[in-house]
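Presented below is the structure to which this report refers.
The values are calculated or read from the model by the stated rules, or taken from the named source; none is laboratory data. These figures come from a predicted structure and were not determined experimentally. Virtual Cβ from ideal backbone geometry, glycine too; neighbours counted across all protein chains shown. The area values use the complete protein model at the heavy-atom level, side chains included, leaving out ligands, DNA and RNA. Shrake-Rupley method; radii C 1.70, N 1.55, O 1.52, S 1.80 Å.
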Amino acid sequence: MAPALPPTSSTVTLNINGEKHTLTVDHRTTLLDALRERLDLTGTKKGCDQGQCGACTVLLDGRRAVSCLQLAVAAEGREITTIEGVAEGDRLHPVQQAFLDLDGYQCGYCTPGQICSAVAVLEEHAAGWPSAVTGDVRPEAGPPPLTAEEIRERMSGNLCRCGAYVSIVEAVARAAADGEKHTEAAA
Ligand code: FES
Ligand code: FES
(Lines give C-alpha, C1' and ligand atoms only; values in the text may rest on other atoms or scores of the structure.)
(Ligands and ions follow the chains in the order given, each with its own letter.)
Protein backbone atom coordinates (compact mmCIF):
# COMPACT_ATOMS: atom_id res chain seq x y z
CA MET A 1 0.00 0.00 0.00
CA ALA A 2 1.34 3.44 -0.93
CA PRO A 3 2.28 5.60 2.07
CA ALA A 4 -0.26 8.27 2.96
CA LEU A 5 0.67 11.60 1.43
CA PRO A 6 0.99 14.58 3.77
CA PRO A 7 -2.01 16.96 3.66
CA THR A 8 -1.85 19.76 1.13
CA SER A 9 -4.38 22.01 2.82
CA SER A 10 -5.14 23.16 6.34
CA THR A 11 -7.87 24.98 8.16
CA VAL A 12 -6.59 28.22 9.64
CA THR A 13 -8.10 31.09 11.57
CA LEU A 14 -6.87 34.48 10.46
CA ASN A 15 -7.27 37.57 12.61
CA ILE A 16 -7.96 40.34 10.12
CA ASN A 17 -8.93 43.87 11.13
CA GLY A 18 -9.97 42.57 14.53
CA GLU A 19 -12.23 39.83 13.16
CA LYS A 20 -11.53 36.12 13.05
CA HIS A 21 -11.97 34.28 9.74
CA THR A 22 -11.71 30.50 9.58
CA LEU A 23 -11.04 28.95 6.18
CA THR A 24 -9.40 25.94 4.60
CA VAL A 25 -6.56 26.84 2.27
CA ASP A 26 -4.10 25.03 0.08
CA HIS A 27 -0.69 25.38 1.72
CA ARG A 28 0.58 27.29 -1.31
CA THR A 29 -2.10 30.00 -1.06
CA THR A 30 -0.61 33.39 -0.42
CA LEU A 31 -2.09 35.72 2.14
CA LEU A 32 -2.87 38.09 -0.75
CA ASP A 33 -4.94 35.49 -2.58
CA ALA A 34 -6.68 34.41 0.62
CA LEU A 35 -7.66 38.02 1.31
CA ARG A 36 -8.86 38.78 -2.19
CA GLU A 37 -10.18 35.49 -3.51
CA ARG A 38 -11.51 33.84 -0.38
CA LEU A 39 -12.47 36.66 1.96
CA ASP A 40 -13.55 39.38 -0.47
CA LEU A 41 -11.09 41.84 1.04
CA THR A 42 -10.21 43.25 -2.35
CA GLY A 43 -8.76 46.54 -1.13
CA THR A 44 -5.35 44.87 -1.07
CA LYS A 45 -4.12 44.87 -4.67
CA LYS A 46 -2.10 42.44 -6.73
CA GLY A 47 0.51 44.12 -8.89
CA CYS A 48 3.60 42.04 -9.59
CA ASP A 49 2.82 39.05 -7.33
CA GLN A 50 6.54 38.74 -6.65
CA GLY A 51 7.39 41.18 -3.92
CA GLN A 52 8.53 44.07 -6.06
CA CYS A 53 5.77 46.67 -6.29
CA GLY A 54 4.24 47.02 -2.81
CA ALA A 55 0.63 47.07 -4.09
CA CYS A 56 -0.24 44.19 -1.76
CA THR A 57 1.21 45.76 1.40
CA VAL A 58 -0.63 44.97 4.65
CA LEU A 59 0.38 45.27 8.28
CA LEU A 60 1.36 42.13 10.18
CA ASP A 61 1.56 42.78 13.90
CA GLY A 62 1.87 46.46 12.99
CA ARG A 63 4.78 46.01 10.60
CA ARG A 64 4.39 46.27 6.85
CA ALA A 65 4.63 43.16 4.76
CA VAL A 66 3.99 42.31 1.13
CA SER A 67 1.15 39.82 1.32
CA CYS A 68 2.06 38.18 -2.01
CA LEU A 69 5.14 36.75 -0.33
CA GLN A 70 3.36 35.51 2.80
CA LEU A 71 1.65 32.16 2.95
CA ALA A 72 -1.83 32.33 4.42
CA VAL A 73 -1.12 29.38 6.72
CA ALA A 74 1.89 31.23 8.13
CA ALA A 75 -0.24 34.25 9.00
CA GLU A 76 -2.28 32.38 11.60
CA GLY A 77 -1.80 33.96 15.01
CA ARG A 78 -0.67 37.30 13.55
CA GLU A 79 -2.65 40.51 13.76
CA ILE A 80 -3.39 41.35 10.13
CA THR A 81 -4.48 44.86 9.16
CA THR A 82 -5.55 45.58 5.61
CA ILE A 83 -6.62 48.85 4.07
CA GLU A 84 -10.19 48.01 5.07
CA GLY A 85 -9.12 48.14 8.73
CA VAL A 86 -6.98 51.28 8.77
CA ALA A 87 -9.79 53.76 9.47
CA GLU A 88 -11.50 53.93 12.84
CA GLY A 89 -15.14 53.41 11.93
CA ASP A 90 -16.20 56.39 9.82
CA ARG A 91 -13.10 58.38 10.79
CA LEU A 92 -10.36 58.09 8.21
CA HIS A 93 -6.82 57.49 9.37
CA PRO A 94 -4.81 60.76 9.10
CA VAL A 95 -2.79 59.17 6.29
CA GLN A 96 -5.97 58.37 4.35
CA GLN A 97 -7.27 61.89 4.90
CA ALA A 98 -4.00 63.42 3.72
CA PHE A 99 -3.98 61.27 0.55
CA LEU A 100 -7.55 62.39 -0.11
CA ASP A 101 -6.91 66.08 0.56
CA LEU A 102 -3.67 66.26 -1.40
CA ASP A 103 -4.55 63.96 -4.31
CA GLY A 104 -1.94 61.36 -3.41
CA TYR A 105 -3.09 59.14 -6.29
CA GLN A 106 -4.22 59.07 -9.87
CA CYS A 107 -5.73 55.69 -10.83
CA GLY A 108 -5.63 54.58 -7.18
CA TYR A 109 -4.40 51.06 -7.81
CA CYS A 110 -1.25 51.42 -5.71
CA THR A 111 -2.98 53.56 -3.09
CA PRO A 112 -4.03 50.90 -0.53
CA GLY A 113 -0.46 49.64 -0.41
CA GLN A 114 0.93 53.18 -0.27
CA ILE A 115 -1.37 54.03 2.63
CA CYS A 116 -0.60 50.86 4.61
CA SER A 117 3.10 51.50 4.09
CA ALA A 118 2.80 55.14 5.12
CA VAL A 119 0.94 54.20 8.31
CA ALA A 120 3.87 51.97 9.23
CA VAL A 121 6.44 54.56 8.12
CA LEU A 122 5.06 57.07 10.63
CA GLU A 123 5.23 54.50 13.40
CA GLU A 124 8.74 53.37 12.45
CA HIS A 125 9.88 57.00 12.36
CA ALA A 126 8.26 57.80 15.70
CA ALA A 127 10.02 54.76 17.17
CA GLY A 128 13.35 56.23 16.02
CA TRP A 129 14.13 53.81 13.22
CA PRO A 130 16.74 55.25 10.86
CA SER A 131 16.57 54.80 7.09
CA ALA A 132 19.26 54.37 4.46
CA VAL A 133 19.45 58.16 4.02
CA THR A 134 19.54 59.08 7.71
CA GLY A 135 22.74 61.03 8.34
CA ASP A 136 23.20 60.43 12.05
CA VAL A 137 22.05 56.95 13.03
CA ARG A 138 23.23 57.08 16.65
CA PRO A 139 20.27 56.29 18.95
CA GLU A 140 20.97 59.44 21.00
CA ALA A 141 20.48 61.56 17.86
CA GLY A 142 16.76 60.68 17.96
CA PRO A 143 14.47 60.38 14.96
CA PRO A 144 15.70 62.36 11.92
CA PRO A 145 13.44 65.08 10.53
CA LEU A 146 10.95 63.43 8.18
CA THR A 147 12.19 65.28 5.11
CA ALA A 148 11.01 64.56 1.58
CA GLU A 149 14.22 62.58 1.07
CA GLU A 150 13.47 60.47 4.16
CA ILE A 151 9.89 59.88 3.02
CA ARG A 152 10.96 58.92 -0.50
CA GLU A 153 13.47 56.42 0.88
CA ARG A 154 11.08 54.94 3.44
CA MET A 155 8.30 54.62 0.83
CA SER A 156 10.61 53.30 -1.89
CA GLY A 157 9.13 49.79 -1.73
CA ASN A 158 5.83 51.09 -3.08
CA LEU A 159 5.79 51.80 -6.79
CA CYS A 160 3.23 54.00 -8.53
CA ARG A 161 2.79 53.45 -12.23
CA CYS A 162 0.96 56.78 -12.50
CA GLY A 163 3.95 58.61 -11.03
CA ALA A 164 1.95 60.35 -8.30
CA TYR A 165 5.06 60.46 -6.15
CA VAL A 166 5.14 64.22 -5.56
CA SER A 167 1.64 64.20 -4.04
CA ILE A 168 2.30 60.97 -2.15
CA VAL A 169 5.35 62.49 -0.44
CA GLU A 170 3.34 65.62 0.41
CA ALA A 171 0.52 63.50 1.85
CA VAL A 172 2.87 61.48 4.07
CA ALA A 173 4.56 64.68 5.27
CA ARG A 174 1.16 66.24 6.08
CA ALA A 175 0.03 63.13 7.99
CA ALA A 176 3.30 63.15 9.94
CA ALA A 177 2.89 66.84 10.82
CA ASP A 178 -0.73 66.23 11.91
CA GLY A 179 0.45 63.36 14.11
CA GLU A 180 3.06 65.60 15.75
CA LYS A 181 0.44 68.27 16.45
CA HIS A 182 -1.77 65.68 18.14
CA THR A 183 1.16 64.46 20.27
CA GLU A 184 2.06 68.03 21.31
CA ALA A 185 -1.56 68.82 22.14
CA ALA A 186 -1.82 65.69 24.30
CA ALA A 187 1.47 66.46 26.16
S1 FES B 1 1.89 42.30 -5.63
FE2 FES B 1 3.03 41.97 -3.85
S3 FES B 1 4.77 43.24 -4.07
FE4 FES B 1 3.73 43.42 -5.98
S1 FES C 1 -2.05 56.02 -8.53
FE2 FES C 1 -2.02 54.73 -10.27
S3 FES C 1 -0.47 53.31 -9.82
FE4 FES C 1 -0.30 54.77 -8.25
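For segment 9-85, a simple Cβ point-charge model (Lys and Arg +1, Asp and Glu -1, everything else neutral) yields a dipole of about 180 debye relative to the Cα centre.
The alpha carbons of segment 9-85 occupy a box of 29, 24, 20 Å along the principal axes, longest dimension given first. Here the relative contact order of segment 94-186, from alpha carbon pairs under 8 Å that lie six or more residues apart, stands at 44 percent. Grab the DSSP H runs of the chain that are 4 residues or longer, score each as -39,500 (n - 2.57), total them, divide by all residues and round the 222 nm result to the nearest 500 deg cm²/dmol. Result for the chain: -9000 deg cm²/dmol, rounded to the nearest 500. Couplings 3J(HN,Hα) for segment 144-153, derived from phi with the Karplus relation 6.51 cos²θ - 1.76 cosθ + 1.60 (θ = phi - 60°), are x, x, 7, 6, 4, 5, 4, 5, 4, 5 Hz, where x marks Gly and Pro. Annotation: per residue accessible area for the chain equals 56 Å², rounded to a whole number [probe 1.4 Å, protein chains only]. Of the residues Thr147, Met1, Ile80, the one whose Cα sits farthest towards the positive end of the charge dipole of the chain is Met1 (charges of +1 on Lys and Arg Cβ, -1 on Asp and Glu Cβ, taken about the Cα centre).
Each of Asn158, Ala127, Ile168 was scored by the projection of its Cα onto the charge dipole of the chain, and the greatest displacement toward the positive side belongs to Asn158; charges sit on the C-beta of Lys, Arg, Asp and Glu. For Gly47, the residues whose amide H sits under 5 Å from its own are Ala55, Cys56, ignoring neighbours fewer than 5 places away on the same chain, with H placed 1.01 Å from N.
For every other residue with a beta carbon closer than 11 angstrom to the beta carbon of Thr134, add +1 if it is Lys or Arg and -1 if Asp or Glu, then tell me the sum.
Every neighbour counted, the sum reads -2.
How would the chain be classified by its alpha-carbon gyration tensor: rounded, prolate or oblate, with rounded meaning a/c under 1.5 and the a/b versus b/c comparison settling the rest? Judged from the Cα gyration tensor, the chain comes out prolate (a/c at least 1.5, a/b above b/c). Averaged over residues, the count of other Cβ atoms within 10 Å places the peptides 11-23, 157-169 in the sequence 157-169, 11-23, highest first.
Put simply, the amide H of Ser9, placed in the peptide plane, has neighbours under 5 Å in His27, leaving out anything fewer than 5 places away on its chain.
Here the chain is assigned +1 on the Cβ of each Lys and Arg and -1 on the Cβ of each Asp and Glu. Its dipole about the Cα centre then comes out at about 520 debye. Over all pairs of different C-alpha atoms, segment 94-186 has a mean inverse distance whose reciprocal, the Kirkwood radius, equals 13.4 Å.
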